[in-house]
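For reference, the structure is listed below as structure tokens.
The values are calculated or read from the model by the stated rules, or taken from the named source; none is laboratory data. Computed from a prediction, not measured in an experiment: that's the story for all the values here. Ideal geometry is used to build each Cβ from the backbone, glycine not excepted, and the neighbour counts take in all protein chains shown.
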Amino acid sequence: SAGPDDMPQEIWDKVKNHPCYSEEAHHHYARMHVAVAPACNIQCNYCNRKYDCSNESRPGVVSQKLTPDQAVRKVVAVASEIPQMTVLGIAGPGDALANPAKTFETFRMLQEQAPDIKLCLSTNGLALPDYVDEICKYNVDHVTITINMVDPAVGEKIYPWIFWEHRRVRGYEAAKILHERQMLGLEMLTARGVLTKINSVLIPGVNDEHLYEVNREVKKRGAFLHNIMPLISEPEHGTYFGLSGQRGPSATELKAVQDACMGGANLMRHCRQCRADAVGLLGEDRSEEFTLDKLDALD
Ligand code: SF4
Ligand code: SF4
């Protein structure tokens, strides 16, 4: 995997303690998420709104929603218990940037109270260009954008609607706006030196053959990492595309797409699709130790 010899020093400094950006760091450093962002501004066909945003999380889990105040208390408490906790991410349960007041209030307070913790957020990208200044103002130096297509004809099979300029937009037009906003947001972040990770959900029969093109387009715009994740089709999660038959990819199909994208943007293969209130090393979940009722005991 990529190491200090493969990139400029200032980039390595941003990557080396971030478990999601460095395969090496993911064995040693922990991240946590706080679920302060309940609303979403788009609809993905694979999303079930009862659960966390499936763009960054394993679908089918419900995280404990927190106010910014509660979130900051929790981060400070966890940081004193888990010294390897280097990164705080906001990844739902909806979209971090569809809840800008809560997301940035949390970041603002954290910068004051725990300035050593790196800040990270994940978004579907629709609102991203509007918040690049604020992202930079709070020194958020890692942003994940979920990009499942670069062609609105593919996109309209994934996104039934977006909420845009006070109205609901559907079909091809919705996918076209989302695509343009994602590309613009990515370009703006690259221009400002913010490291980006692109998540793509591999949906067999919908975007499997298209992800190579996604990889090429995001690399061209400076994406640091590309994480191709399988659609997780769990019966309790409900239906996809209004059909109960949409399956996720097999391990072989996933690997084939990942291999086809080798040589493009760096591929991340250690993603564990964590929940919106995850705490701990990737693949480890200590969130139950830090629920609100237990925090009082830690104070
Ligand atoms: Fe669901 Fe996340 Fe898509 Fe919003 S962006 S619809 S929360 S999967
Ligand atoms: Fe950041 Fe995503 Fe990792 Fe969470 S899972 S810390 S939002 S890169």
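Of all residues in segment 25-38, which are part of a loop (DSSP other than H, G, I, E, B) and either of a type outside the set (A, V, I, L, M) or on the phi > 0 side of the Ramachandran plot (or both)? The answer is H28, Y29, P38. In this structure, L184 does satisfy being modelled with pLDDT of 85 or more, of a type outside the set (V, I, T), surrounded by fewer than 18 Cβ atoms within 10 Å (Cβ to Cβ) and at negative phi. Number of residues in segment 25-39 that are surrounded by fewer than 16 Cβ atoms within 10 Å (Cβ to Cβ) and modelled with pLDDT under 85: the value is 2. Quickly run through segment 110-147 and pick out the residues that are surrounded by fewer than 20 Cβ atoms within 10 Å (Cβ to Cβ) and of a type in the set (F, W, Y). Hit for segment 110-147 is Y138, nothing else. If you go through segment 158-181 one residue at a time, do you hit one that is under 30 Å from T252 (Cα atoms), over 20 Å from the mean Cα position of the chain (by Cα) and not aliphatic (A, V, I, L, M)? Looking through segment 158-181, at least one residue is under 30 Å from T252 (Cα atoms), over 20 Å from the mean Cα position of the chain (by Cα) and not aliphatic (A, V, I, L, M). Could you tell me whether S22 is exposed (fewer than 15 other Cβ atoms within 10 Å of the Cβ), more than 16 Å from ligand 1 (Cβ to nearest atom) and either in a strand (DSSP E or B) or of a type in the set (S, T, Y) (or both)? Criteria not met by S22.
Between Y131, Y159, the distinction of being more than 16 Å from ligand 2 (Cβ to nearest atom) and either part of a loop (DSSP other than H, G, I, E, B) or within 19 Å of G193 (Cβ to Cβ) (or both) belongs to Y159 only.
The condition of being modelled with pLDDT of 95 or more, surrounded by fewer than 21 Cβ atoms within 10 Å (Cβ to Cβ) and within 16 Å of ligand 1 (Cβ to nearest atom) does not hold for A153.
None of V201, V214 is crowded, with 20+ Cβ neighbours inside 10 Å, closer than 20 Å to E156 by Cα, at pLDDT 75 or above and within 16 Å of ligand 2 (Cβ to nearest atom) except V201. Among residues of segment 51-101 being among the charged types (D, E, K, R) and in contact (Cβ under 8 Å) with a residue 60 or more places away in the chain, the one that is nearest to ligand 2 (Cβ to nearest atom) is E56.
Quick check on N48: is it within 16 Å of ligand 1 (Cβ to nearest atom), crowded, with 17+ Cβ neighbours inside 10 Å and either touching a residue at least 24 places away in the same chain (Cβ under 8 Å) or not in a loop (DSSP other than H, G, I, E, B) (or both)? For N48, the condition - within 16 Å of ligand 1 (Cβ to nearest atom), crowded, with 17+ Cβ neighbours inside 10 Å and either touching a residue at least 24 places away in the same chain (Cβ under 8 Å) or not in a loop (DSSP other than H, G, I, E, B) (or both) - is not met.
Taking segment 34-50 as the range and being within 12 Å of ligand 2 (Cβ to nearest atom) and of a type outside the set (G, A, S) as the test, only V34 passes.
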